[in-house]
Structures are given as C-alpha cells and as structure tokens.
1. Count, please, the residues in the range 187-224 that happen to be over 20 Å from the mean Cα position of the chain (by Cα), in a strand (DSSP E or B) and within 16 Å of the ligand (Cβ to nearest atom).
2. Of the conditions (1) over 18 Å from the mean Cα position of the chain (by Cα); (2) exposed (fewer than 14 other Cβ atoms within 10 Å of the Cβ), residue 305 satisfies every one except a single condition; which number is it?
3. Being more than 21 Å from residue 52 (Cβ to Cβ), crowded, with 20+ Cβ neighbours inside 10 Å, more than 16 Å from the ligand (Cβ to nearest atom) and over 20 Å from the mean Cα position of the chain (by Cα) is the requirement here; does residue 243 meet it?
4. Just to be sure before I move on: is residue 243 out of contact with any strand residue (DSSP E or B) (no Cβ under 7 Å at 6 or more places or on another chain) and at negative phi in the structure I sent?
5. When the residues of the range 152-175 are filtered to those that are free of Cβ contacts under 8 Å to residues at least 24 places away in the same chain and out of contact with any strand residue (DSSP E or B) (no Cβ under 7 Å at 6 or more places or on another chain), which remaining residue is farthest from the ligand (Cβ to nearest atom)?
6. Taking interchain pairs and intrachain pairs at least six residues apart, which have beta carbon atoms under 7 angstrom, with the first residue in the range 271-296 and on the phi > 0 side of the Ramachandran plot and the second surrounded by 11 or more Cβ atoms within 10 Å (Cβ to Cβ) and modelled with pLDDT of 95 or more?
7. Can you name every residue in the range 225-237 that is without any contact (Cβ under 8 Å) to a residue 60 or more places away in the chain, under 24 Å from residue 40 (Cβ atoms) and assigned to a loop (DSSP other than H, G, I, E, B)?
8. Could you please find all residues in the range 145-158 being under 18 Å from residue 195 (Cβ atoms) and assigned to a strand (DSSP E or B)?
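The values are calculated or read from the model by the stated rules, or taken from the named source; none is laboratory data. All figures in this text were calculated on a predicted structure; none of them were measured in a lab. Glycine gets a Cβ as well: all are built from the backbone with ideal geometry, and neighbour counts include every protein chain shown.
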Ligand SMILES: [Zn+2]
C-alpha cells in the first residue's frame, strides 16, 4: 500500500506526469478542432446549396423545381415538383435539415422551401414574403421565422446573420415581380405572384471559419458588407454589372481564400442528371473565369457539379 502511494506521488511529480498532461491537452485541442473541422458545401442548382457539418444541415434557396418560360404566360400556374426535389435531395444525401434560409421570394429561390421544411424538418427563415410562401403551403407559425437585417440565428454550430442587399432590376430600371407577398400564398399559383420582398445576403459563422453567401450579383454604393472578411465567398454572378465590380468590390475586400460562383445555370430547364451544367443565357461564365484568373489568381475558384461535395471549412 505504502509502495503504491509512493509510486503515485512519484508519477504525479515526475516529468512523465507533465508529459502526459501535455499529451492530454494536445489531444483535447485536437479533438475540439476536429469536432468542428469539416463543413461541406453541395450545390442544389441556381443559388441553392446545402451546408453541413457532422451535426447540422442548412439549406439555402431551394429551387430545384424549374419554371419554364411558357409557365410565365397568363393563366399558367406553378408549384413545387416534389418528385424532382426528392431525386436531388436523395442524390445529395440529405436526410434531415435543421434550417432553410431563403434570400428573396422569387420562384427561383423559394419555390421548394415549404416542401423541404415539411419533409426534412427545421424552420423556414426569410422575409415576410418568404414566410407567406411557407404559410400558404401549410407551414404553421412554429415552422416559420421572419428574419431581420443584422439579427443572428444559431443553429447547431452555425450562426447565420442576414444583411439587406437589395435586388437589382432585371433590365433597364424594370424589376419583375416587385413588391411584397402580403398574405399567405397557396399553390398552384401564377409565377408572377412570387413578389420579391426583402432581399438578404447571409453571413454564416462556424467554429471552423466564416462564409458569406452574396445573394445578389451586384455591390451597391452603400454596401453594408464592405468591411466583412470571410474564408469562403459563395457568389451570385447572375445579373452582375460587371465581373470587375464583383471581384474588386466583393471578392478581394472579403479576403476570401475560396470562391464558389452561383446562379449561372439555366434555371428555366430541369436540372440535368448527366453532370452537365447548362449556362443561363448571357451569364458569360468564361468571361468571369478569365477575369478571376487575371484579378484574383490567388483565390481558389470551385465550380462543382450538382450535389458534388466541396470541403469549404
Ligand atoms: Zn430574383
């Protein structure tokens, strides 16, 4: 017994004990880093994507259902194509969702959000217009959350903060489907009833790093995000003023080490299942790639296929 106590006292004071303590600290630091170390991104088409760590999956702008141009004709109506949504969610391996965020209430951002929330769980976060899309399709108050500029929501290890980044006109000074959705919007309904509402970009922080989802392909003069530094930039390139503007006013000041362009595939056609991405008319992806190469060569640009996993943090 005395020998055992003597041995314990020796181990406690010995260099061996100090070494073990250091090893223990190193192990706990390693495990706490590795517990948060992996955030993956998967593109869901247009500006839709999933972000996941080992606990949580968040979805942004689920619009897997594509609205062909003829569905914008008078008397045509639209609704979520749940077979198509199920196919892609299954392909991406999405089993449950803890939060769905929508940047504005046009069909190419919001159309599948109510279905995704009903099927995979979590809440729908967005403007009052986005909330009215959810309520119109049977979500109840506890499944929707109206968001405000600068207010944060913590879901698992993610913290999501929306910032107002106003939608740009579609051509000249004309903004299609302008205004707000003032009351619950049941479907099927005309695509023209999806009024834009407020538009938000999202700053997403995680113990492993920071991501900015720039939801609009333009940077305004009173840019609320001009001093925001991030690790990864998810960058809408549709309807941009110029590639230079996005690179010089958003990408380079953000100090991002990785950029993933969004909203350049043709959202008037069904998502192709053969891994080919059809570009939307006039988006000029090659020109954007060329400018990235000239002005931001040090930033890693990723162009994943639908559902392809990209390790972002
Ligand atoms: Zn829009």
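1. Number satisfying all stated conditions: 0.
2. Every condition holds for residue 305 apart from (1).
3. In short, yes.
4. On the way: out of contact with any strand residue (DSSP E or B) (no Cβ under 7 Å at 6 or more places or on another chain): yes; at negative phi: yes.
Answer is yes for this residue.
5. Among those that are free of Cβ contacts under 8 Å to residues at least 24 places away in the same chain and out of contact with any strand residue (DSSP E or B) (no Cβ under 7 Å at 6 or more places or on another chain), it is 154.
6. As it stands, the answer is 275/305, since those pairs meet every condition given.
7. Of everything in the range 225-237, those that are without any contact (Cβ under 8 Å) to a residue 60 or more places away in the chain, under 24 Å from residue 40 (Cβ atoms) and assigned to a loop (DSSP other than H, G, I, E, B) turn out to be 228, 229, 230, 237.
8. 146
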